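Okay, so here's the structure we're looking at.
Each reported figure results from applying straightforward, stated rules to the coordinates on display, with no laboratory input. Since this is a predicted model, take the numbers as computed values, not measurements. Methodologically, a virtual Cβ is constructed for each residue, glycine included, from the backbone with ideal geometry; neighbour enumeration extends over all protein chains shown.
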Amino acid sequence: MANYIIGRNTIFQSLRSGKKIHQIIVNRNLKQDKKIMEIVEEARISNVPLMYVDSKELDRKSSGEVHQGILAFVPAYRYAEIDDILNYAKERNEMPFILMLDEIEDPHNFGSLIRTSVAAGVHGIIIPQRKQVDVTSTVMKVSTGTADNIRIVKSSNLVQTVDKLKDQGLWVIGTHQHASEDFTKQDYNFPLVLVIGNEGKGINRLLRQKCDYLVHIPIATSVIDSLNASVAGAIIIFKILERRQCSEK
């Protein structure tokens, strides 16, 4: 779990949203930088302690990650429970829309999928406890801090979790490059879980067998046979949002 976050936009948005921040560390050579000055002002308004250090010290504190001259120490990320996701959908009087990720290993893919999910109104994300990147500082940076705006659950067994969600009336849709169903021709106007698989091997066999059906994204060329996990996820997530919005009109 990340105990610090990095990146100017991430830290600025975290301050604006009221996220608990223990301390902010700033590169002393960037005191006059416009964006840094905005962050410092927000930190002072929120009574967040500031410390100015040289670039080498900041590199050390961030373990060499690209920090953009600023780092903030924060509490460890708090994961949610499945009931939190379902209750949130109920509070909004909406059909549950959950994203399930099966062993996404690239923090950039995970962060991008988080940001997409927040933008599209996904109610929550479920990830496995093993072989999956956690909500790290890089994930927070790529998501521009939006990981704090969505409920993320860690499951010890995705197959069992799918069974429980099915018992509560949710349909499970998997993605597979060789699936017979075209994702653009589906309805999606029902409570659902969308499953996105690992960047290399896709959805594991047992979880794939639990899906009610599988969809694919048509590729217009033979040069490639699949898309990046975060790109594919974004395309399908917004198609689901579009279908649901059309059904409400």
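Structure notes:
- DSSP bridge orientation in the stretch 4-73 - percent antiparallel, rounded to nearest 5: 65 percent
- Cross-link pairs beyond the 27 Å C-alpha cut-off, checked among Lys166/Lys201; Lys141/Lys210; Lys141/Lys185: Lys141/Lys210; Lys141/Lys185
- Between helix 158-167 and the chain: long-axis angle, C-alpha atoms, 0 to 90°, nearest 10: 60 degrees
- Residue exposure proxy: Lys210, Lys90, ordered by other Cβ atoms within 10 angstrom of their Cβ from fewest to most, comes out as Lys90, Lys210.
- A simple rule links phi to the HN-Hα coupling: the Karplus curve 6.51 cos²θ - 1.76 cosθ + 1.60 with θ = phi - 60°, which for the stretch 45-50 gives 4, 8, 6, 8, x, 10 Hz, with x for Gly and Pro.
- Counting Cα-Cα pairs of the stretch 99-151 in 5 Å increments starting at 0 gives whole-percent bin shares of 5, 25, 34, 28, 8, 0.
- Alpha-carbon radius of gyration plus Dmax, which is the widest Cα pair, for the stretch 21-77 in Å: 10.9, 31
- The chain, helix-only ellipticity at 222 nm - DSSP H runs n ≥ 4, -39,500 (n - 2.57), divided by all residues, nearest 500: -11500 deg cm²/dmol
- A viscosity of 1.002 mPa s and a temperature of 20 °C, combined with the Kirkwood radius over C-alpha pairs in the Stokes-Einstein formula, give the stretch 1-116 a diffusion coefficient of 133 µm²/s.
- The chain: angle of helix 82-91 to the longest principal axis, Cα-based, in degrees nearest 10: 80 degrees
- Angstrom value of the Kirkwood radius, inverse mean 1/r, which spans all Cα pairs in the chain: 19.3 Å
- Global dimensions of the stretch 1-50 from alpha-carbon coordinates: Rg and Dmax equal 10.2, 32 Å.
- Per-residue ³J(HN,Hα) for the stretch 191-201, Karplus 6.51 cos²θ - 1.76 cosθ + 1.60, θ = phi - 60°, Hz, x for Gly and Pro: x, 8, 10, 9, 9, 10, x, 4, 4, x, 9
- Rounded to the nearest 10 degrees, the inclination of helix 229-248 to the longest alpha-carbon principal axis of the chain is 70 degrees.
- Residues whose amide H lies under 5 Å from that of Tyr4, counting only those 5 or more places away or on a different chain, are Val74; hydrogens are built 1.01 Å from N in the peptide plane.
- Equivalent-ellipsoid semi-axes of the stretch 119-249, from the Cα gyration tensor, Å, largest first: 21, 19, 18
- Simple spin-label estimate for Leu241 and Asp212 in nanometres, 7 Å along Cα-Cβ: 2.2 nm
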